[in-house]
Each structure stands twice: as C-alpha cells, then as structure tokens.
1. If you take the residues of the range 154-204 that are outside any helix (DSSP H, G or I) and within 30 Å of Ile217 (Cα to Cα), which of them is least open to solvent (accessible area, probe 1.4 Å)?
2. Looking at Thr303, is it touching a residue at least 24 places away in the same chain (Cβ under 8 Å), farther than 23 Å from Ile183 by Cα and within 16 Å of the ligand (Cβ to nearest atom)?
3. Output the residues belonging to the range 431-443 that are buried (at least 22 other Cβ atoms within 10 Å of the Cβ) and closer than 13 Å to Gln253 by Cα.
4. Can you find a residue in the range 225-234 that is away from the ligand (no atom under 16 Å from the Cβ) and within 20 Å of the chain's Cα centre (by Cα)?
5. For Ser175, are the conditions met, namely being in contact (Cβ under 8 Å) with a residue 40 or more places away in the chain, of a type in the set (Ser, Thr, Tyr) and more than 22 Å from Leu27 (Cβ to Cβ)?
6. Got at least one residue in the range 133-144 being of a type outside the set (Asp, Glu), buried (at least 20 other Cβ atoms within 10 Å of the Cβ), touching a helix residue (DSSP H, G or I) at 6+ places or on another chain (Cβ under 7 Å) and part of a loop (DSSP other than H, G, I, E, B)?
7. Report yes if some residue within the range 168-182 is modelled with pLDDT under 95 and under 26 Å from Pro426 (Cα atoms); otherwise report no.
Amino acid sequence: MEKNMDIELSSMFVIFGGTGDLTKRKLIPAVFSLMHEGKLSEDFTIVCIGRREKTTEQYRAEMHEYVKEFSRFPLNSKSWENFIKRVFYKNFDFTSNNQGYKDLDLFLETMENEYSTKGNRLYYLAVAPEFFEGIIRNLKNNNMVCKSIGWQRVMIEKPFGSNLKTARILNNNISKLIPEEDIFRIDHYLGKEMIQNILAIRFGNSLFEPLWNSNYIDNIQITSNELIGVENRGAYYENTGILKDMLQNHLLQMLTMIAMEPPVDFDPESIRDEKVKVLRSLRPFTTASLKEDIVRGQYGSGTINEVKVVGYRQEERVSRESKTDTFIAIKTYIDNFRFGGVPIYIRAGKRMDTKSTEIVIQFKKLAGINYYKEFDQIGSNLLVLKIQPQEGFYFQINAKKPGNNFKMEKVELDYCQSCKYLNNSPEAYERLLLEAIRNNSSLFTRWDELEYSWKFIESIEKGYENDVSDYPNYAAGTPGPTGAVDLIEKDGRQWWNTGI
Ligand code: BG6
C-alpha cells in the first residue's frame, strides 16, 4: 500500500562530485535504500559525474562496497542488480567551458530519452563550495535548468558561503540564475527523524506546549558530541572550524525547531517563516559576552575506544600551529516573548568521549517545593530528546521510592524509538532526496534563515581576533575543555550528560 503511494515522479539524479566521499558514503547508499523500499519510480536514473577517467562498469563495481557498508538494507543480488543498472558514470570536468556542458547536456538528453525521465532533473552539487556558482552558471547558460519541459532543481551542500558577506554574494549571483524555489540548500540534520519529531512532540501534546515558555523552562541545552576527528578533511576544516562546520548550520537549525512558534500551516513557507523569527531574535554577542559566554577548544592526542589517536594539529593537511576550534560551547538567549531570559547552552565537539546528539529542556522547579522537607532533594523535570545514535525521548520526573519511608527518586518515562522501529528509520539523506523530488522544501534552508544565522556567527567570530594560546586544551576521548563546565556552573546549573 505505502509502496504505491510513495512512488515518485520519474526523474534523473545528476551528481556533481560522483567520486567524492559524500556520494559514496551517503548519496549512493541513500538512493539504494529508497529503491529497495520501492520509494522511487521505476524510471529513476542516476548519473554520477567525476573528473577521474573510468567506465560505468568500473564505477559500479566500486559502489558495491559502499552500498554494502553504508546502506540500511543488506545487499542481495536481486536488489543490487535492480539498483545498479540505473547508475551511470560520466567522466566530465565540471570546471570546463560551455562546449563541455553542451556535451554533458546531450549525454543527459540521450539518457532521458532512453529511460523516460521526462526532463526532470535533480542536480546535486557534492563539490567544494567554490564550484557552486560556476556549475550553476554553466547549467543556466546551456539551458540545463529552467527548461520548458519537466522540472530542474539544484541541491547545494553546505557550507553556503564562508561568512555573511560571501554567503550574500553567492546567493545574489545564484538567484539571478535560478529561482529560489528551485534551490534546495541542504542541512542534513533537518532530514533526521528525531529533528522532525520535535514538531510532533511540541505541537501534538497538550502536556508540553502550554509549558514551552520562560514561565516553566529553566534552560535549554543542545549537545552534539562526536567521536570522530576531522578524518581526511583537514584542509576544509582549517577554514571552517566547528563554528562554521556545526554551529552555523546544524545546531542553530535544531534550536529553531525547538524555539519556533507554531506555524500557521505545515507547508514549507510557514515553517520557515517561524524559524527565521527565532534566528532574528537570537541575541548577538557583545565584547562582554564574547569573554563570558563562549568557550573554545581544540583536541590534543588521546585515546578513543582504546585506540590512540593523534591531536588535531597532527592531522593531515592541518597546520602544526593551528588555532582552529574543534570544540565550542556558548550561552545565548532568544530575546522574544516566549523565551526571554531563558539561557540556551549549546556545545559541540569532535573527538569527545561519546557520540551523541541530544536536546535537553530543563523545567523550573515548582515554587515552594522545599516546603515539604522530603522534597528537598528532588531533581528538575527534564525532557531529553535523543537525536542520535539512539532515537527517542524521555521525561525525567520525580516519584516516591517504594518503601516505608517517604523518600523521593528520579524516574524516566522513556520512549525508545530505535527499539520500536528497528532499522526502519530512513537516513537523513534518503528523506532529503525524496523531499526534493516531491518538491517539498520545508526540510531545506531558505536564504533568509542562512542570512540570519551567518549574522549571529559573525558576532561570535569577532571574538576570534583574540589569540588562543593554550591549544590543544582537551585530550581526545574526554568531555572537552574544563572551561565548558565552568560556563554553565557559574550560573548554578549543570550540563546534563544523559546519554541513556
Ligand atoms: C557534517 C560536518 O555536516 O556533519 C561534519 O561537516 C560532521 O564535520 C557531520 O561530522 C555530523 O553529522 P552526523 O549526521 O554524523 O551527526
């Protein structure tokens, strides 16, 4: 039943950057899973474009390993055959001139005719950001977008610009070439199951929504810990650091979902209108708050899962004196009527002691709670949204401990989504691809969201002019710099290291 309803329009998926990591680890396995579940049209065709010389046969053979390792479903010969016959490799230098693109277009048209994809093309720019504009310009100049038949959409990976100024220039230039509704700017966190669940939990429960404000919420904490370091992306990371790699996009996006007002409708524009208001209300950093409310860090060598790992400065293509941050913790505020005065603590780090992304809503204690002496040890009510790797949420409440004495204890009402829907939750990239084909842009970032998030980041980056002298300041495999603990403890609060 679901299978038929979900079969999408015939279309061709054209990936620029067909030999890159993202394509191999995420995009190809995502398309395989979608096909396996019967979510794509029988006509769906994938053209992977790369600069390296190779045949389609060679490319297909290489993809086998990646699909086996990274897709949600086990490979069998039937599902593999069914999928891989739809995958083609095209050797093409995307920095080439018009004639190159004309040839590419001819190739795509031939494929279109053969596989009846009706002119519908989803271009995916899985390439370094400096190539985005050039590719789109070439697509436009060669009538490969905004055509009179079918639809053509362009999916753009992050980072979109490297600061407010460059993001604005990029956007201005691109928007002269293709309309906003054909641009799908990716933040893959928006495709995560539990991020979408935030709207359901908030707006579907009379238990939470009436309490979702500064009268009842004491503070909000967003944590994204990773075990991995910068892997083979040292050169990229040297230019972004965690500020632009995680905070500017994924973490602020999570915050908008937690803090937005109920949208008038669940259509893309209404949702994004509300998210923008949150970003506009974020309090920019000042000289004083830059000193008080931000803690930065960089990992040194250490041990992760009993394996010794090198420090950031020893990673490939990283300067031995690098000042780049691999950890950040901030305290900020949303200056609006709902959340005025509620501190928001956000932290993210690479090479930490766990892999976990969580959002904690800590509710205020009841006024006068200590009236009963038996209650003086009780904990705060916490709503913990477990984004990954475990999906689910739990609510921490206080209850009487069984026994003859009236003693209190903290208990959890726990919903383990990963236990209930074993292996059934689509990967973020599966969902995003499907939604782009369906023309649903609510899971993609609109330009004004980006603009305001860059403005906020700009206010932080000003503080980066102050030199950092003590890097590395945390060992790999630990919970990060001690300053991050002080950041919250000086307010009489604590990080909830839940991870249950
Ligand atoms: C990417 C960042 O956007 O997100 C990476 O560039 C980071 O540095 C990754 O590791 C984290 O994504 P996830 O889905 O593993 O939490």
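The values are calculated or read from the model by the stated rules, or taken from the named source; none is laboratory data. Computed from a predicted structure; not experimentally measured. Glycine gets a Cβ as well: all are built from the backbone with ideal geometry, and neighbour counts include every protein chain shown. When the accessible area is computed, the model is the full protein with side chains, heavy atoms only, and any ligands, DNA or RNA have been set aside. Shrake-Rupley method; radii C 1.70, N 1.55, O 1.52, S 1.80 Å.
1. Our first condition is that a residue be outside any helix (DSSP H, G or I); within the range 154-204, this holds for 154-163, 176-179, 183-187, 192, 204.
The next check asks that each one be within 30 Å of Ile217 (Cα to Cα); those that pass are 187, 192, 204.
On the way: Asp187: 4, Lys192: 35, Gly204: 57 Å².
Checked the range 154-204; the qualifying residue least open to solvent (accessible area, probe 1.4 Å) is Asp187.
2. So Thr303 fails the test.
3. Residue satisfying the conditions is Leu443 alone.
4. First, pick out the residues of the range 225-234 that are away from the ligand (no atom under 16 Å from the Cβ): none.
Checking the range 225-234: not a single residue is away from the ligand (no atom under 16 Å from the Cβ) and within 20 Å of the chain's Cα centre (by Cα).
5. Working: in contact (Cβ under 8 Å) with a residue 40 or more places away in the chain: yes; of a type in the set (Ser, Thr, Tyr): yes; more than 22 Å from Leu27 (Cβ to Cβ): yes.
Yes; evaluated as a whole, the condition is true for this residue.
6. Yes: one or more hits.
7. Scanning the range 168-182, I find at least one residue that is modelled with pLDDT under 95 and under 26 Å from Pro426 (Cα atoms), so the answer is yes.
Here is a yes/no grid of residues against (1) aromatic (Phe, Trp, Tyr); (2) surrounded by fewer than 19 Cβ atoms within 10 Å (Cβ to Cβ); (3) at pLDDT 95 or above:
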site: Thr286; (1), (2), (3): no, yes, no
site: Gln298; (1), (2), (3): no, no, yes
site: Ser319; (1), (2), (3): no, yes, yes
site: Phe327; (1), (2), (3): yes, no, yes
